[in-house]
1. Counting Lys and Arg as +1 and Asp and Glu as -1, what is the net charge of the other residues whose Cβ lies under 9 Å from the Cβ of Val203?
2. What is the local net charge at Leu254, summed over the other residues whose Cβ is closer than 15 Å to its Cβ (Lys, Arg +1; Asp, Glu -1)?
3. Residues with amide H under 5 Å of Ile214's amide H, sequence separation 5 or more or different chain, H placed in the peptide plane at 1.01 Å from N; which?
4. Once you've got the Cα coordinates, tell me which of Lys60/Lys242; Lys61/Lys182; Lys170/Lys245; Lys3/Lys30; Lys25/Lys166; Lys245/Lys286 are over 30 Å apart.
5. Could you run the Karplus curve 6.51 cos²θ - 1.76 cosθ + 1.60 with θ = phi - 60° over region 244-252 and give me ³J(HN,Hα) per residue in whole Hz, x for Gly and Pro?
6. Under 22 Å between alpha carbons, and skipping anything fewer than 8 positions from Lys247 in its own chain: which lysines qualify?
7. Ordered by residue, what ³J(HN,Hα) values in Hz, to whole numbers, does region 218-232 give under the Karplus form 6.51 cos²θ - 1.76 cosθ + 1.60, where θ = phi - 60° and Gly and Pro are x?
8. Long-range amide H contacts for Ile171: which residues qualify at under 5 Å (H placed 1.01 Å from N, peptide plane, sequence gap of 5 or more or a different chain)?
Amino acid sequence: MAKDYYEVLGVGKGASAAEIKSAYKRLAKKHHPDVDKSAGANDKFKEINEAYQVLSDSEKKSAYDQFGSAAFDQTQGFGPSAGSGQARSGQWGPFTYTYTTSGGAPEAPSDFGDFSDPFSIFEQVFGSRGFGRQPRKGRNLYYSLAIDFMDAVRGLTQEVSLNGKKLKVKIPAGIRDGAEIKFRGEGEGGPQGLPPGDLFLTVRIRPHPTFTRIGDDIYILKEISFTQAALGDTVEIETVEKPVKLKIPAGTQLGTQFRLRGKGVPNLHSRGRGDQYVRVHVAVPKKLSREQKRILKEFRESE
């Protein structure tokens, strides 16, 4: 069943950030596994943290208000990168990045902490493990980085200032919206000489005016004239690399879709690329000359 994060925290949809945070602290203390020894306490604690991670983030909250918990559930097919896949991680230069092969929201361990240790989120928010225990490291920090569509396709290296430091961010070609880059030890300093936390950078991709991305495939709409559709033609199609020629067969129908193999986005895990799909829109002329009308009438009578 769909999760109601507002109901989980016991707040209304109009609750302020302060009210959401207050409700979270109250429930997290009540259901923390060090306090609540009942069956299912650990699952309840995770659910509370999950709700808070969404409702305390303005972007995630906005997505949730529009689409509900499906916005963060890959099995619901939300977002332009919906599809089957599994979370993966790897190394990119000196940084560790995490991403999901099905796109959409970042994988849960990056957002919500390591659930193999149910105390990790509690440490991030309250700064201590349980009650009366010392923290193991400083708090994690979370930021967003917006990049252009073509930069996500081609990859780039960019220097950004985060947490008072300048960090070099390497974006691999083919990265998807919602992927996270993890900077180990770049979070808040730990108390009493303990190690600092980590810094998580969520990549957000700006939409493109022409291209729509689904997984590693690109979709575009190409408008052709009535005569091009009827008689056939060769037209120029824009791709993420360079324009290519596409042959339009005679008698092409409205909505026909053509496939350009290997003209999509580079696959993040291999040397391959996705495809580009071109859907044809046939433009019907609004004004015709007398001669054009005569020819079309003759054509209609001959059908």
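FYI, it's all coordinate maths here, none of it is from the lab. The model shown is predicted, which means the values in this text are computed figures rather than measured ones. All Cβ positions, glycine included, derive from the backbone under ideal geometry; neighbour counts span all protein chains shown.
1. Working: positive: Arg176, Arg204; negative: Asp177, Glu180.
Neighbourhood net charge equals 0.
2. Details: positive: Lys222, Arg279; negative: Glu223.
Net charge in that neighbourhood comes out at +1.
3. It is Tyr219, by chain and number.
4. Values: Lys60/Lys242 35 Å; Lys61/Lys182 22 Å; Lys170/Lys245 33 Å; Lys3/Lys30 20 Å; Lys25/Lys166 33 Å; Lys245/Lys286 27 Å.
Going by Cα-Cα distance, Lys60/Lys242; Lys170/Lys245; Lys25/Lys166 fall outside the 30 Å limit.
5. 10, 9, 10, 8, 9, x, 4, x, 5
6. Output for Lys247: Lys222, Lys263.
7. Once rounded to whole Hz, the list reads 10, 10, 9, 10, 10, 8, 10, 7, 4, 6, 4, 5, 6, 9, x.
8. Leu156, Thr157, Gln158
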